[in-house]
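The values are calculated or read from the model by the stated rules, or taken from the named source; none is laboratory data. Since the structure is predicted, the reported quantities are computational estimates derived from the model, not experimental observations. Note that each Cβ is placed from the backbone with ideal geometry, even for glycine, and that neighbours are counted across all protein chains shown. Calculation scope for accessible area: heavy atoms of the full protein, side chains included, ligands and nucleic acids excluded. Shrake-Rupley method; radii C 1.70, N 1.55, O 1.52, S 1.80 Å.
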Amino acid sequence: MSRSSSLKLLLISTPVGAIGSGRGGGVELTLTNIARSLIALNHSVTVVAPEGSVLDGIPLVSIAGNLQVTAQSQGRETLITLPANSVLGNFWNYARQVQHDYDVLINFAYDWLPFYLTPFFERPIAHLVSMGSLTDAMDQAIAEVAEQFPTTIAVHSLAQAETFSFRDRCFNLKNGFDLSQYQFNPTSKNHLAWVGRIAPEKGLEDAVAAVQKVGIPLKIWGVIQDESYWNHIQTNYPNAPIEYCGFLSTQDLQQALGESRALLMTPHWLEAFGNVAIEALACGVPVIAYRRGGPAEIVQDGKTGWLVEPDRVDGLAEAISKLDQIDRTNCRLDAEREYSLEAMGERLEIWLDRIVLSQT
Ligand code: UDP
C-alpha cells in the first residue's frame, strides 16, 4: 500500500549525540533508516539533529547546544534535567517556528520535553519511543500523550510496550534496514562478535565470561560509553580471549561482523529492539540472545540463532556449542522478510496515516 499524497515530515533526532557519533546508540541508525524509507515512498523529509551530525543525501538542519545525559544510566526517581543552552530545547524552539511547513513532526528523543510540549503544538507530533519504562517522570509524560493523542506513540517491540501502562495504545513499528548495505557471508571465521555501546545495561561482561568458558575469541565493536565499566571487565577477565575493534561505520561493521560465527547479545536491561541483531542476521550471522525484550521477538530459536535463559552464562556457552545447527541462509532470509526498508515503510505509513486521520 502506498499513500496517494506525500507527507512533509520533520524528523527530530536524539539530543544525546550527533548522528554518526555512536553516542546516540541505535536511534542514529534507526532515524537514518526511517528517513530513507520515507523518502523512497515519496514523502518529503527534513532531519533536525545536533551539530556534527552526518547524514548523506538527506536534508539536515544542524542545531547547536549542549547534549542531554543518557536516560538509561539513571534510576526510576531521576528528575528531569536540561543543561544551559540545551540542544533539546533548541530543537523544539526551531520545530515550533517551522511547524506549519510540515504535516507531522516525528520525535526520536526519549526525553520529557517533546512529550510535555505536544499539546502546545498546532501540528501533530509522532513519538517513536526508543526504550522501555525507565523513570516515573518519563512514564507519566508519555502516558499523558498516549491518553490525549492515542495514535501517536510507536515502539519497537511488544515486550517494550508491555513495560508501559499505555501498552495497548503503542504501534509496533519494529525496525527496518537498507539490506543492500549488508552483504550475506555464507562462511565464517572462528570468532564470535559483540556489538553495542559499552555500558553496564548492555551486559558485555556476560559475553566475555562465556568466551572465557568456551575458549573462542570474541571481537567487540562499539563506542566505549562507560570507561570505568570497560576497565572493570578487563580487570575481572584478564585472560579472556577478547579484542576491542573500535567503532566502525555501517559499511565496515557489516564486513567485519559478517565474518563472525555468531553475535552474542547479553543485555541486562529490557532491550527495546536491538538493531545489531538485524544487522547480524542480514550478514548471515546467527544471534545468541537472552530470552527477553526485543531480541526474543527477533531471534527464531533454533532457526536464526538461540535464545538463552536471561543472565545465564552457562546457557550462552551451551548455545555456542550448538551453532553448527543454524543455517546462515535462514538468517539472511529472515532479515529480508520482516526488517527491510520496504517492510518498515508499510508499517510507517499505517502509523502516520492513523495520526493524520485522527487530526481531521
Ligand atoms: N554501531 C555502529 N558501529 C559499531 C558498533 C555499533 O554503527 O562499531 C551501531 C549499530 O549499527 C547499531 C547501534 O550502534 O545501530 C547500536 O544499537 P542497538 O539498537 O543495538 O543498541 P542501543 O545502543 O540503542 O542500546
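Structure notes:
- Protection proxy ranking, peptides 281-293, 153-165, 46-58, average beta carbon neighbours within 10 Å, highest first: 281-293, 153-165, 46-58
- Taking the 1.4 Å solvent-accessible surface of the chain as the whole, the part contributed by carbon and sulfur is 48%.
- Note on Gln300 and Ala137: their simple-model spin labels are 4.4 nm apart, each label 7 Å out from Cα toward Cβ.
- Chain lengthening between Ser6 and Leu333 when straightened (0.36 nm per residue, less Cα-Cα): 114.7 nm
- Tensor-based shape of the stretch 285-348 (alpha-carbon gyration tensor, a/c under 1.5 rounded, otherwise prolate or oblate): oblate
- Measuring r between the beta carbons of Asp56 and Arg354 and using R0 = 41 Å, the FRET efficiency lands at 0.85.
- Estimated FRET transfer efficiency when R0 is 51 angstrom, pair Ser228-Asn172 (beta carbons, to 0.05): 0.90
- Peptide ranges 262-274, 15-27 listed from the most packed, as the mean C-beta count within 10 angstrom indicates: 262-274, 15-27
- Charges were assigned to the Cβ only: +1 to each Lys and Arg, -1 to each Asp and Glu. The resulting dipole of the stretch 255-319 about its Cα centre is roughly 80 debye.
- Entry note, the stretch 267-326: relative contact order of 30 percent, from Cα contacts under 8 Å with a spacing of 6+ residues.
- Note on the chain: helix-only mean residue ellipticity at 222 nm, from DSSP H runs of 4+ residues weighted -39500 (n - 2.57) and normalised by residue number, equals -11000 deg cm²/dmol.
- Rounded to the nearest 20, the Cβ-based charge dipole of the stretch 248-360 about its Cα centre (Lys and Arg +1, Asp and Glu -1) stands at 120 debye.
- Working from label points 7 Å from Cα in the Cα-to-Cβ sense, the Gln74 to Val98 distance is 2.7 nm.
- Per-selection metrics, the chain (Cα): Rg and Dmax in Å: 19.9, 63
- Ranked by solvent-accessible area (1.4 Å probe, protein heavy atoms only, all chains present), the residues Glu205, Glu349, Glu122 order from largest to smallest as Glu122, Glu205, Glu349.
- Maximal additional length on extending the Asn239-Asp252 stretch stands at 1.9 nm, based on 0.36 nm per residue less the C-alpha distance.
- Given charges at Cβ of Lys, Arg, Asp, Glu: the stretch 136-259 dipole, positive-most of Gly196, Ile220, Leu158: Ile220
- Relative to the Cα centre, the charge distribution of the chain, modelled as +1 at Lys and Arg Cβ and -1 at Asp and Glu Cβ, gives a dipole magnitude of about 320 debye.
- Per residue, the chain exposes an accessible area of 41 Å² to a 1.4 Å probe, with every protein chain left in place.
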